[in-house]
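Quick notes on the structure that follows.
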Amino acid sequence: MTTMTGTQPVLPPERPLGPEVVRWVAFVVIALPVLWGAAGLELSWNRILTAPGDMWRVIDRMVPPDLSPGAVQRAMPKIAESLWIAWIGTMIGAVFSLPLAFMAARNTSPRSVNFAARQILNGIRAVPELLVAIILIPVTGLGAWTGTIALGIHSIGTLGKLSSEEVENIDPGPVEAVAAAGGGRVAQVRFGVIPQVMPTIVAYWLYRFEINIRASAVLGVVGAGGIGAELVAQIRFNDLARAGTVMFLTVAAVLAIDAVSARIRRRIITGQPGVGPIGAFQAAGWVQRAVTIASLAAAVALLVFLLVQLQTDVG
């Protein structure tokens, strides 16, 4: 479309070519690896179309799960073992990652120490927990101890990286105030850095604990303890009903821990007590109240049911 101003036509501005080229280049860069990966996985339309039906048949055999006393008594100790593996692994990661985080932060350590600490953390993060567990099995043997060490080692790398970035983003004001008062490097870290970063770092620890609970279930597949070993055993014996029991109890435990951990992390990061359960219930609408009551009743009923099953003699 053109317009006339006096005797000279006014042409619309030409569309820049650069953004269009960037969009097409980005599309090609994303699409080519996807197509290449699909070809390497030997995917076919037949497999893609039949996958939902195959998955539904597996789920149909898992549901309803076998909640007999024998199945529950076999699964619950393994779930508890996964929790202990995740908790101790997280504590190992927390203890060793904290000093490494200050060594890896550019504002709290010399350049040589900073470089070495960063490379250590990068090297630890580069090896997945599953591979660490496989490497440790000849040394520590099968069992929970292998999974605990594997999660602890990998947690060091992840927590150290996140914590070092938090240390680098501090407000320099308190540190300068301690230095102005005559405090040395240790005093600056103790009184100027740690009070700023510890709430967030502790929240990272809790978040890593949530991740480790899920990871401990996967480590059991290679014999590193936890609920994963029980799940693999039931699938191997083609007892999908009991495998459904393991899945159901694992998901219930993870959801409960995630809810509690998220509330604690929010309290630590914000520093505010927040609205309590009773206050939140009173402020909610009638639909939310009904859902809350139903969820609470279901949780209590499940807890009572599991306790009864655990106390039942299976002969």
State all residues of region 164-192 that are more than 16 Å from Leu98 (Cβ to Cβ), of a type in the set (S, T, N, Q) and either in contact (Cβ under 8 Å) with a residue 24 or more places away in the chain or touching an Asp or Glu at 6+ places or on another chain (Cβ under 9 Å) (or both); if no residue qualifies, say none. Gln188
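Residue by residue, here is whether (1) in contact with a Lys or Arg (Cβ under 9 Å, 6 or more places away or on another chain); (2) at negative phi; (3) surrounded by fewer than 16 Cβ atoms within 10 Å (Cβ to Cβ); (4) aliphatic (A, V, I, L, M) holds:
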{"residue": "Glu165", "(1), (2), (3), (4)": "no, yes, yes, no"}
{"residue": "Glu176", "(1), (2), (3), (4)": "no, yes, yes, no"}
{"residue": "Ala180", "(1), (2), (3), (4)": "no, yes, yes, yes"}
{"residue": "Phe209", "(1), (2), (3), (4)": "no, yes, no, no"}
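For (1) within 22 Å of the chain's Cα centre (by Cα); (2) of a type in the set (Val, Ile, Thr); (3) closer than 30 Å to Asp313 by Cβ; (4) at pLDDT 80 or above, each residue gets a yes or a no:
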| position | (1), (2), (3), (4) |
| --- | --- |
| Leu41 | no, no, no, no |
| Ile59 | no, yes, no, yes |
| Pro69 | no, no, yes, yes |
| Ala86 | yes, no, no, yes |
| Ala101 | yes, no, no, yes |
| Asn107 | no, no, no, yes |
| Phe115 | no, no, no, yes |
Would you mind stating whether Met55 is free of Cβ contacts under 8 Å to residues at least 60 places away in the same chain and assigned to a helix (DSSP H, G or I)? yes
Just to verify a result, which residue in region 100-125, among those that are free of Cβ contacts under 8 Å to residues at least 24 places away in the same chain and assigned to a loop (DSSP other than H, G, I, E, B), is farthest from Ala229 (Cα to Cα)? Pro110
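Could you please let me know if Ala150 is of a type in the set (Gly, Ala, Ser), out of contact with any Ser or Thr (no Cβ under 6 Å at 6 or more places or on another chain), modelled with pLDDT of 85 or more and surrounded by 17 or more Cβ atoms within 10 Å (Cβ to Cβ)? I'd like the intermediate steps shown before the answer.
Numbers: of a type in the set (Gly, Ala, Ser): yes; out of contact with any Ser or Thr (no Cβ under 6 Å at 6 or more places or on another chain): yes; modelled with pLDDT of 85 or more: yes; surrounded by 17 or more Cβ atoms within 10 Å (Cβ to Cβ): yes.
It is true that Ala150 is of a type in the set (Gly, Ala, Ser), out of contact with any Ser or Thr (no Cβ under 6 Å at 6 or more places or on another chain), modelled with pLDDT of 85 or more and surrounded by 17 or more Cβ atoms within 10 Å (Cβ to Cβ).
Can you work out which of the residues in region 43-53 that are exposed (fewer than 10 other Cβ atoms within 10 Å of the Cβ) and over 28 Å from the mean Cα position of the chain (by Cα) is modelled with the lowest pLDDT?
Step one: filter region 43-53 for residues exposed (fewer than 10 other Cβ atoms within 10 Å of the Cβ), giving 45-46, 49, 52-53.
With the extra rule that they be over 28 Å from the mean Cα position of the chain (by Cα), the set shrinks to 45-46, 49, 53.
Details: Trp45: 75, Asn46: 78, Leu49: 80, Gly53: 82.
The extreme case among them is Trp45.
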With respect to Ser82, is the statement that it is under 28 Å from Ser216 (Cβ atoms) and of a type in the set (S, T, N, Q) true? yes
Long-range neighbours under 7 Å by Cβ, at least six apart or interchain, first residue in a loop (DSSP other than H, G, I, E, B) within region 296-314, second surrounded by 12 or more Cβ atoms within 10 Å (Cβ to Cβ): Thr312/Pro69; Val314/Pro69; Val314/Gly70; Val314/Gln73
Output the qualifying pairs, or none if there are none: Cβ atoms under 7 angstrom, residues six or more apart or on different chains, first residue in region 197-210 and within 13 Å of Ala259 (Cβ to Cβ), second residue at pLDDT below 85 and not acidic (Asp, Glu). Leu206/Ser261; Leu206/Ile264; Leu206/Arg265; Glu210/Ile257; Glu210/Ser261
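The values are calculated or read from the model by the stated rules, or taken from the named source; none is laboratory data. Keep in mind it's a predicted model, so treat the numbers as computed, not measured. Note that we place each Cβ from the backbone using ideal geometry, even for glycine, and neighbour counts take in every protein chain shown.
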